[in-house]
Amino acid sequence: MTGDAVVRLAGGVTTYTGALTGEGTFTVGGTGTLGMAKNSDFALPANRRRQKVVTTGGNHPVSRIENPDPPAVVVQRGATLQYGTGSGGDGVLSHITKAPELALNTLNHQVDGTLDLALRERVNLGVLSGSGLVKQRRGTWPGIDLPGTHPFSGTLYVGTGADYGSLHYLTSMPNVRKVVNQGSFIHNAPDGEVVSNAADLYSQFYGNDINFHTWGSGVVRMSGVYSWSDNGSDTDPALSDPSRNFATVPHRDNKRGINIEGATVTWGDGTHNRFFLPGNENTAYINMHAERNGTRSVLTFDYNGPVTLDAPISGGRFHDTMAEVGRGDVVVAARRGNAVTFTAPQNYDGDTTIGEGASLRLGDGTPQGDSSLLRTGKIVDNGELVLQNAAKGVELGRISGRGAVTQAGPATTTLTGDLTYTGRTTVKAGTLAVTGGTLAASSAVDLPAAGTVLDLTKAGDQAVNNLSGAQGSTVTAGSVLTVHTTTATTFAGTTTAATATGPETLTLTGTVEGALTNTGTVSADGLTVRGAYTQQPGARLSTTRMTVTGAVTLAGTFTPDPARGPGVLIDNQGTEQVSGTFDGLPEGAAVGGLRLTYRGGDGNDVALADAVASTGSDATTPEAARSSSSGLLWWFSAAGVLVLLIVLVLLARRRSRKRA
């Protein structure tokens, strides 16, 4: 070759058994197929060469292609260029330059037609451009290298294997929208680099996977969708119905596999919520492995809306995924709206991290969608952990972070210990049981619906902060329950014996099944205490009416309701008198326009009574009794004076008769 060569095909298949040498470009046009049976080595003319290969990284070299040359091999629309015969390793057009750990083809390819790779040899196509089809046949290992940034906007068909990035080069194909993967599509990233693939990937038949490798702090990011294709073509694969990614089909043709080999991988780029792997345990598998040097896998989900993982993350070999435990960690990236739901039991042994603004939901609320995590790893919750199993309970422990925990499903969730998370604890449905550790670090506990239960009976002494709850909710404790209030809250449900502490008001309108000790601030509005009520010095109480079945011991302060009229405040249903008084409020003390008594009602109730006269048994006070006694004394005095006057008159008359 001494310049630009053009082969114009007229249909059919033409096989060229010679070799191209010299300098120039090679273009295939027309219709039909040109097959190359031998390797060719020619160069782009010197006056068109401009690209450079730049290598950085020292002991871990990474090579980049800068200012790529124009294409030297062009396949025009309608034409097919075939490399190899399908059985050997020859048939490539190339001119190789060496870089560390990389043999780079300097003959860049523009494919607007079809490039058919039918040879059993590693192939490097330089920088790809065009909008056609690059198709690798099945059984043609070791596969394709794709170093560089490729303007190619067509379809890549991986029939056997392709390397998208490596430890020594970067790959970027930002314009490729669809890839057919019928082999092993291997993704890799060097230390400190992010290799991104935004294409949608499609499988057509059983026996395909995507494998991930990274070095050091390298990351591979996948922001497309890995789907089955049951129609369309090699250049435009498609799926007739998204539900078929989850259906059982003949020959398991829709099975897709993921193998993470001690790599750091991200699914999603934070700009959408198209989940990378739609499938379940029957149609997809995810294996997380550790490298021999101990490097573990990390899988991050980074979406801006709700997504669902319906398959387990495990660690077996290929399709036998549940044979081994997965070796790695899972991260839900810190992004507002990043809401990930697991609907299958997970089988990885590492940590689960939920970033700020994100959430992880275990279970989707249906019996078929229950999930769980192995207890070997920690949960670092800086967002929200939602527990929504419907049929099978789940046990979790070692939860830390700044995030919230929400029980939202009918199946019981059991927290087994080491609970240091500081966010809110909410029981929206079902039962949240704590059998170890304490909720003392959680900023608040809320039971907003009737029928919800917080079960602390097996956890010993417990402390909760800022308790709130709806009527019909229940908190049960096996020992001492301390409720500390730093923000005013209302609890209308039922709790076992409790001690109230804190500077803000805890309003209780339900039932305490046991003793209530007030060392903080309590507002009782219709509260029933089935036990003793003890108010410690320094504590505060405001109440419209509360009922106590045990002993009543008072100290601290009482804050009256300005709108409250005469009546019982504490209905002491026990037989003993009230012990103690509120600070500054002795028996008969004025409270507004009323008087406070500790012997009201049936004789041992705390009540407010009218200051002048009795208003009935519910408001009888010593003041009223004193008023009644004073009236009787006046009448007795008046009667005595009258009798004395009568006696004096009678004596005067007797003396008058004697004189007469």
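Computed values, structure above
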item: The lone exception for ALA390 - which of (1) more than 30 Å from GLY316 (Cβ to Cβ); (2) in contact with a helix residue (DSSP H, G or I) (Cβ under 8 Å, 6 or more places away or on another chain) it fails; result: (1)
item: Residue that is nearest to the chain's Cα centre (by Cα), among those in the range 261-283 that are of a type in the set (A, V, I, L, M, F, W, C) and in a loop (DSSP other than H, G, I, E, B); result: PHE275
item: Segments classed as strands (runs of 3 or more DSSP E), wholly inside the range 161-215, with at least 3 members that are touching a His at 6+ places or on another chain (Cβ under 6 Å) and closer than 30 Å to ALA247 by Cβ; result: none
item: Which listed residue, of VAL195, VAL225, VAL179, is farther than 19 Å from PHE152 by Cβ and modelled with pLDDT of 95 or more; result: VAL225
item: Checklist (1) surrounded by fewer than 21 Cβ atoms within 10 Å (Cβ to Cβ); (2) closer than 23 Å to THR376 by Cα; (3) without any contact (Cβ under 8 Å) to a residue 40 or more places away in the chain; (4) in contact with a strand residue (DSSP E or B) (Cβ under 8 Å, 6 or more places away or on another chain) applied to GLY417, failing item; result: (4)
item: The range 355-405, residues that are of a type in the set (Lys, Arg), farther than 19 Å from THR435 by Cβ and surrounded by fewer than 21 Cβ atoms within 10 Å (Cβ to Cβ); result: ARG402
item: Count - residues of the range 352-366 that are closer than 19 Å to ILE313 by Cα and either of a type in the set (A, V, I, L, M) or part of a loop (DSSP other than H, G, I, E, B) (or both); result: 5
item: Test: residue in the range 76-95 that is in the same structural domain as VAL7 (by TED's automatic domain parsing), touching a strand residue (DSSP E or B) at 6+ places or on another chain (Cβ under 6 Å) and of a type in the set (Phe, Trp, Tyr); result: yes
item: Subset of the range 438-471 that is under 12 Å from TYR421 (Cβ atoms) and among the hydroxyl-bearing types (Ser, Thr, Tyr) - its residue that is modelled with the lowest pLDDT; result: THR438
item: Filter result for GLY337 (within 24 Å of GLY268 (Cα to Cα) and touching a Lys or Arg at 6+ places or on another chain (Cβ under 6 Å)); result: no
item: Failed item in (1) within 25 Å of GLY430 (Cα to Cα); (2) among the small types (Gly, Ala, Ser); (3) in a strand (DSSP E or B), with SER542 passing the rest; result: (1)
item: Residue that is nearest to the chain's Cα centre (by Cα) [pool: residues in the range 220-260 that are over 30 Å from LEU167 (Cα atoms) and among the aliphatic types (A, V, I, L, M)]; result: ALA247
item: Check on SER153, closer than 20 Å to THR97 by Cα and assigned to a loop (DSSP other than H, G, I, E, B); result: no
item: Residue within the range 504-519 that is closer than 21 Å to THR413 by Cβ and either surrounded by 20 or more Cβ atoms within 10 Å (Cβ to Cβ) or under 31 Å from the mean Cα position of the chain (by Cα) (or both) present; result: no
item: Selection status of ARG77, at pLDDT 95 or above and either crowded, with 19+ Cβ neighbours inside 10 Å or in contact with a Pro (Cβ under 9 Å, 6 or more places away or on another chain) (or both); result: no
item: Index of the failed condition, ARG64 passing every other in (1) basic (Lys, Arg); (2) within 26 Å of THR15 (Cα to Cα); (3) at pLDDT 95 or above; result: (2)
item: Among (1) under 18 Å from the mean Cα position of the chain (by Cα); (2) within 19 Å of ASN211 (Cβ to Cβ); (3) touching a residue at least 60 places away in the same chain (Cβ under 8 Å) - the single one MET288 does not satisfy; result: (1)
item: Count of residues meeting criterion [assigned to a strand (DSSP E or B), of a type outside the set (Gly, Ala, Ser) and crowded, with 16+ Cβ neighbours inside 10 Å] in the range 80-109; result: 9
item: Condition check for THR406: assigned to a loop (DSSP other than H, G, I, E, B) and of a type outside the set (D, E, K, R); result: no
item: Residues of the range 160-176 satisfying the condition of being in contact (Cβ under 8 Å) with a residue 40 or more places away in the chain and surrounded by fewer than 23 Cβ atoms within 10 Å (Cβ to Cβ); result: LEU167, HIS168, MET173
item: The listed residue being of a type in the set (Gly, Ala, Ser), at pLDDT 95 or above and not in a loop (DSSP other than H, G, I, E, B), out of GLY526, GLY550; result: GLY526
item: Filter result (assigned to a strand (DSSP E or B) and closer than 18 Å to ASP525 by Cα) within the range 457-496; result: LEU467, SER468, GLY469, THR474, VAL483, THR489, THR490, PHE491, THR494, THR495, THR496
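Let's see how each residue does on (1) in a loop (DSSP other than H, G, I, E, B); (2) in contact with an Asp or Glu (Cβ under 7 Å, 6 or more places away or on another chain):
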site: LYS38; (1), (2): yes, yes
site: ASN47; (1), (2): no, no
site: VAL54; (1), (2): no, yes
site: HIS60; (1), (2): yes, yes
site: SER63; (1), (2): no, no
site: ASP69; (1), (2): yes, no
site: VAL74; (1), (2): no, no
site: ARG77; (1), (2): yes, yes
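The values are calculated or read from the model by the stated rules, or taken from the named source; none is laboratory data. The structure displayed is predicted, hence computed values, not measured ones. Cβ sites come from the backbone with ideal geometry, for glycine too, and all protein chains shown count toward neighbours.
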